[in-house]
1. Spot the failing condition for B:Glu31; the list is (1) in contact with a helix residue (DSSP H, G or I) (Cβ under 7 Å, 6 or more places away or on another chain); (2) at pLDDT below 95, and only one is missed.
2. In region A:1-19, what residues are at the interface with chain B (Cβ under 10 Å from one of its Cβ atoms), out of contact with any Leu (no Cβ under 7 Å at 6 or more places or on another chain) and at pLDDT below 95?
3. Counting only residues that are in a strand (DSSP E or B) and under 18 Å from the mean Cα position of the chain (by Cα), how many does region A:46-74 have?
4. Only one of B:Glu77, B:Glu19, B:Glu43 is touching an Asp or Glu at 6+ places or on another chain (Cβ under 6 Å) and assigned to a helix (DSSP H, G or I); which?
5. Could you list all residues from region B:20-31 that are without any contact (Cβ under 8 Å) to a residue 40 or more places away in the chain and either more than 7 Å from chain A (Cβ to nearest Cβ) or open to solvent by less than 60 Å² (accessible area, probe 1.4 Å) (or both)?
Number of protein chains: 2
Amino acid sequence: MKQDSLDRQPAAFEVSVYECEVHLKFRLIEEKGGLSDRDQLLEQLIDAFTCGTDEYLEPLQVLVKAEEVSEMSASPELRRQLIRLRNSNDLA
Amino acid sequence: MKQDSLDRQPAAFEVSVYECEVHLKFRLIEEKGGLSDRDQLLEQLIDAFTCGTDEYLEPLQVLVKAEEVSEMSASPELRRQLIRLRNSNDLA
């Protein structure tokens, strides 16, 4: 529903661009050779980590950040998507 | 099944300790305030990233490593678990 405001602002669909970082280090017990498939490695490690700390996994470092940044730093694809989102909000 | 070998080696359940690292950086379109819950942030970012690159996400850096390390570098909990795994293999 549109706001019935006299001083209408430009569409303010409240989305932003965030620069995000996830940095995980941990030790893991695993079968020898079980982590040798490079294509699977990211998924395997994320699965292992998200299962949580147990007797197979020992976290060493967990860094998680999300910082709002200027959309001018984003790729053209992301900027186009922001515009689409804001436009679709205009029409809602 | 046990190997019928004369020069029987000490139990060799082939597990090792791996030091693992996942370092992800990416830009993400998200609702303002949608990433403000620190307790949820890691899960949110991992979910977003594993959904893959699309018009909402722009990867900047992906580093994934898993390196076999000496089990002496692992915590006592992990070392105990290694021993349990090897012992259970002995009995199999």
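The values are calculated or read from the model by the stated rules, or taken from the named source; none is laboratory data. This structure is a prediction, so every number in the text was calculated from the model and none was measured. Positions of Cβ are generated from backbone atoms using ideal geometry, with glycine treated the same way; all protein chains shown enter the neighbour counts. Surface accessibility is based on the protein's heavy atoms, side chains included, excluding ligands, DNA and RNA. Shrake-Rupley method; radii C 1.70, N 1.55, O 1.52, S 1.80 Å.
1. Checking B:Glu31 against (1) in contact with a helix residue (DSSP H, G or I) (Cβ under 7 Å, 6 or more places away or on another chain); (2) at pLDDT below 95, the one that fails is (1).
2. Matches in region A:1-19: A:Ala12, A:Glu14, A:Ser16.
3. Number of matching residues: 8.
4. B:Glu77
5. Answer for region B:20-31, where residues must be without any contact (Cβ under 8 Å) to a residue 40 or more places away in the chain and either more than 7 Å from chain A (Cβ to nearest Cβ) or open to solvent by less than 60 Å² (accessible area, probe 1.4 Å) (or both): B:Leu24, B:Phe26, B:Arg27, B:Leu28, B:Ile29, B:Glu30.
Every residue, every condition in (1) touching a residue at least 40 places away in the same chain (Cβ under 8 Å); (2) surrounded by 13 or more Cβ atoms within 10 Å (Cβ to Cβ), yes or no:
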{"position": "A:Tyr18", "(1), (2)": "yes, yes"}
{"position": "A:Gly33", "(1), (2)": "no, no"}
{"position": "A:Asp47", "(1), (2)": "no, no"}
{"position": "A:Tyr56", "(1), (2)": "no, yes"}
{"position": "A:Ala66", "(1), (2)": "yes, yes"}
{"position": "A:Ala74", "(1), (2)": "yes, yes"}
{"position": "A:Arg84", "(1), (2)": "no, no"}
{"position": "A:Asn89", "(1), (2)": "yes, yes"}
